[in-house]
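Only the coordinates and a few stated rules stand behind these numbers; no lab work does. For clarity, every value in this text was computed on a predicted model and none was experimentally measured. All Cβ positions, glycine included, derive from the backbone under ideal geometry; neighbour counts span all protein chains shown.
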């Protein structure tokens with residue numbers, strides 16, 4: 001759970017920030033005053049006030065931008081257990097935003113935020129375990145954190161968890177769990193999941209080619225290059241009928257135009273180019 005504001009003024013000040021942020025005030029003229037007022041609860045050790053004052057310094061909203069001071073405040077909030085401050089520091093270290101880029105520190109802050117219940121951080125921890133960034137590669141731990149994040153409704157984690165089930169990464173392959181989480185991600189609007197859902201329908205034990213083609217086309221309409229590539233492979237190989245080289249050329253070209261390297265190679269080979 002998020003840390004509750006401990007200073008009586010903090011809650012009202014944050015309401016003013018949120019109203020300005022979402023346009024409920026015509027101007028942001030109050031934010032500079034809010035920044036001054038946040039100093040009192042910050043000095044009193046209120047982690048919520050410290051976080052918000054740090055973010056105002058980071059963005060230069062209502063006060064001169066000072067990212068050095070912002071980092072001081074965000075670290076103080078993070079040390080007090082503010083999970084969003086921890087997550088933002090993880091993002092900063094992961095990308096080298098105003099700090100030395102170090103995946104070790106990113107993993108440390110993401111882990112703190114994840115243990116505090118931040119679903120975005122849980123996904124980041126899972127991805128760092130998956131790729132072995134900032135920590136030793138561990139697919140089982142990756143699947144564990146993807147699952148925790150997905151259960152809290154984080155869409156990218158749903159898709160990545162489903163991919164683990166689809167490929168048997170970090171545990172056994174599970175066709176039904178893969179379908180379940182891909183569908184959840186698709187229902188939440190994730191176009192990437194449409195590609196993998198289509199591919200999963202082409203696998204046993206379901207092997208529903210109509211659904212497979214439908215979801216690949218849905219993904220392709222949303223400019224998913226890998227779905228276009230798979231439709232090209234389908235047309236060239238004649239998965240469910242005769243080969244259709246005209247369709248294959250079309251889909252390979254569409255995917256290649258989006259930077260898909262394999263599709264570009266397939267398109268060139270069908271054009272008769274030699275390598």
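Note on residue 244 and residue 138: their simple-model spin labels are 4.8 nm apart, each label 7 Å out from Cα toward Cβ.
Our estimate of slack between residue 11 and residue 101, defined as 0.36 nm per intervening residue step minus the Cα-Cα distance, is 29.0 nm.
For the range 172-236 versus the range 110-157, the inter-centroid distance based on Cα atoms is 23 Å.
Extension gain, residue 63 to residue 43: 0.36 nm times the residue separation minus the Cα-Cα distance gives 5.4 nm. Once the Cα atoms are used to define both axes, helix 191-201 deviates from the longest principal axis of the chain by about 40 degrees. With axes computed from alpha carbons, what is the tilt in degrees of helix 155-167 against the longest principal axis of the chain, rounded to the nearest 10 within 0 to 90? Taking the Cα atoms of the chain, the angle to 155-167 is about 40 degrees. Taking R0 as 41 Å, what FRET efficiency do you get between residue 151 and residue 36 from their Cβ-Cβ distance, rounded to the nearest 0.05? Efficiency at R0 = 41 Å is approximately 0.50. Taking 7 Å steps out from each Cα toward its Cβ at residue 79 and residue 237 produces label points 5.7 nm apart.
How compact is the range 70-145 by the rule of thumb for globular proteins, expressed as Cα Rg over 2.2 N^0.38 Å?
Relative to the 2.2 N^0.38 Å estimate, the range 70-145 comes out at 1.02.
Full extension of the chain between residue 108 and residue 176 yields a length gain of 21.1 nm, computed as 0.36 nm times the residue separation minus the alpha carbon distance. By how many degrees, between 0 and 90 and to the nearest 10, does the Cα long axis of helix 10-21 differ from the longest principal axis of the chain? The answer is roughly 50 degrees.
Going by average Cβ density within 10 Å per residue, which order do the peptides 158-171, 118-131, 212-225 take, highest to lowest?
118-131, 158-171, 212-225
Once you have the Kirkwood Rh of the range 150-207 from its Cα pairs, apply Stokes-Einstein at 10 °C and 1.306 mPa s and quote D in µm²/s.
D, rounded to a whole number, is 146 µm²/s.
P(r) tail for the chain: Cα pairs beyond 35 Å make up 37% of the total.
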